[in-house]
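Working notes, beginning with the structure itself.
Throughout, read-outs are computed from the coordinates displayed, never taken from laboratory work. All values reported here derive from a predicted model rather than from experimental measurement. Cβ placement follows ideal geometry from the backbone for every residue including glycine, while neighbour counts extend to all protein chains displayed.
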Amino acid sequence: MKMSLHLIQVGVGALIAFGSVGVAHSQTLPSGQPQKSPNLTAKSPNLKTIAATFEDKAASMGEPSAIAQIAQTFRDTVPRSQSKPTIAAAPPSLEGAKIVQFFANEPQKAPDPAVAQAPKPVTPPRSTPLPPSNSPTSFPQPPAATPAPGTPVPTPTTSKSDPTPAPAYLNSPANPLLFPTRPDEVRLAGTQLISLLQAIELAERNNRDLQVSRLQLESSRSALREAQANLYPTVGIQSSLARSQSASGDISSRLQAQSPQSQLFGASGAGNPPSTSLTGTVQLSYSIFASGLNSARRRAAERLVRAAELTVEQTREQLRLDTTNDYYNLQSANEQVRINQAAVINAQRSLSDTLAQERAGLGTRFDVLRSQVNLANAQQQLTNAIATQGINRRQLASRLSLPESINVSTSDPVQPAGIWTLPIEDTIVLAYKNRAELEAQLVQREVSEQQRRAALATLGPTVNAVASYNLLKNFETALSAPGSGYSVGLQAQWNFFDGGAAQARAAQQERNKEIAETRFAQSRNTVRFQVEQAYINLQSNRANIDTTTTALSQAAEALRLARLRFQAGVGTQTDVINAETDLTRAEGNRVSAIIGYNLSLAQLQRAVSNIAVR
């Protein structure tokens, strides 16, 4: 009996410690060492007090609109939780602490002992431009939770508002043809913590797809310069040095030498000596009239440059979205590792309790086996989570085109990235105005129109002005100065029939115009669907954040009660295992809701375009 009471006391003490661990979160410093967060479970305020605190902070920070919405969320949480009598409400202090900790600017990262930061070079901070004042998004910074007395304040990590540029050693190699041939050239030397802003900055500096788009833009600008060359005359120089002797002159000379008159008077037959001459010609040509062919080609080249610029914009915006998705996926993988680590710790604790019960004669071998299986399953899930974490890290590193020996991890906390304030109708209209895909189809339509005009212009007349000046020097003559001459004239040409080739080319461009118009309508429908899809997911994940936060508090309380019941002999090991599973699932659902909210917000920003932080 004494041993049973002792086990109950030990179990209650362990559960109290577990409760504090279950609702607390850890922060990873830039050095890679975990830093304990403040104990938010002690003396946590209720929801109404939290709402009033946020209103006071909103007035002091000058952002009443953004934080007032968070305060309104807390007010709305009270009647929702009271209107569901079938769900047991968690203690107010625990629920309030979870919500404060969720919206507080506290990182929620698993400790990463493998992080080895490379020394950062001393670089001056670079200011990052902020979104315009009329931007539909805002990134409020809610006040952080007040630490408990005596708790060390964590060193803040690089957040999304940190303007510190990414270190220079994260730039991709300058030689794109670099080809490693030794294992030490591709061996990972360390992991660098970066923020989301730094990841986007590195992507815009290093990504190969964006570099190709920019090179294609430069190529199209060179093509425009080529088309603009017909605005100017062309000047050419031609020169030749020749030594010649006429074959017909040679025959005439020999026939003359064989004639009776030449033989009578003894004339010589050398009447066709070779001659050496130097000629030079300067010619100038200028197109006066070409039936609109040159102007149509210039306008088509100008629109092609605009199309290349829109392609760069599309590539850049898509790169920002892909980088953001990779960053959030890595955050999710880090949280899954943390959650599964906690699940392994819970499973080990349950196994220890079950073994103690068996040794005391209060448990069975069946309960021990169930606990061992539960621990093995938790360890397997942790192994899979670590593998997913490694894959997501390499995916982000590949997107950023990092050097071969550098790996990256996230430094931003897992928290909502912002609030979308525009209604759905205004968001759709804004997307129609901003999306480069829609303008690209209109530009392609204009290109096809100019190419159609150029095709028809080949059937019209052309007029060119031509002027030339030439010099001739014959070295066999006694004249020392060369002879000169010039010519000035107009050249007209009219190919009024080419078998229908020009009309066929014009018909092709007419169909290309209709294709561009059809694709414009298709792109418009796609843009609207993308906006609506992201908007609906954003609202859904916003509601899921509140739901999963409450469910996490309830799951932690349910596990605490299940352990007490099991140690008191009135519960079963199955109840404890189910409660542990529910707690792990609740933590995973909460992380999924936050990551899903951030992904939906990033997709909505991409769907609207031109509103992200530049």
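A compact table of results
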| quantity | calculated |
| --- | --- |
| Extension gain from residue 532 to residue 355, taking 0.36 nm per residue of separation minus the Cα-Cα distance | 58.3 nm |
| Sequence-distant residues sharing a close amide H with residue 193 (under 5 Å, placed H) | 409 |
| Over segment 474-584: Rg over Rh, Cα atoms, Kirkwood Rh | 1.79 |
| Linear extension gain, residue 219 paired with residue 421, 0.36 nm per residue minus alpha-carbon span | 68.7 nm |
| Residue 387-residue 179 FRET efficiency (beta carbon distance; Förster radius 35 Å; 0.05 resolution) | 0.80 |
| For residue 207, distant residues with modelled amide H under 5 Å away | none |
| Efficiency of FRET from Cβ geometry, residue 488 and residue 232, R₀ 25 Å, rounded to 0.05 | 0.85 |
| Calculated P(r) tail over 17 Å for segment 488-528, as whole % of Cα pairs | 58 |
| Whole-Hz couplings from phi, Karplus 6.51/-1.76/1.60, listed for segment 366-380; x for Gly and Pro | 4, 5, 5, 5, 4, 5, 5, 5, 4, 5, 5, 5, 5, 5, 5 |
| Positive-end residue, segment 484-570 charge dipole about Cα centroid, Cβ charges, pick of 549, 529, 518 | 549 |
| Segment 339-412: radius of gyration over Cα atoms, expressed as a fraction of 2.2 N^0.38 Å | 1.68 |
| Computed magnitude of the charge dipole of segment 335-412 (debye, nearest 20; Cβ of K, R +1, Cβ of D, E -1) | 100 |
| For segment 460-614, size of Cβ-based charge dipole, Lys and Arg +1, Asp and Glu -1, in debye | 200 |
| Shape of segment 396-535, Cα gyration tensor, a/c cut at 1.5 | oblate |
| 5 angstrom amide H check on residue 404, placed H, neighbours 5+ away | none |
| Distance between modelled label sites at residue 514 and residue 377, nm, 7 Å Cα→Cβ extension | 6.2 |
| ³J(HN,Hα), Karplus 6.51/-1.76/1.60, whole Hz, each residue of segment 539-546, x for Gly, Pro | 5, 5, 5, 4, 5, 5, 4, 5 |
| Stretch gain in nm, segment residue 521-residue 398, where the contour uses 0.36 nm per residue and the Cα spacing is subtracted | 40.8 nm |
| Residue (of 464, 477, 454) at the positive-pole extreme of segment 429-482, dipole from beta-carbon charges | 454 |
| Under Karplus coefficients 6.51, -1.76 and 1.60, residue-wise ³J(HN,Hα) of segment 382-391 in Hz, glycine/proline x | 5, 4, 5, 5, 5, 5, 4, 4, x, 5 |
| Efficiency of FRET between residue 471 and residue 245 - r from beta-carbon atoms, R0 25 angstrom, step 0.05 | 0.65 |
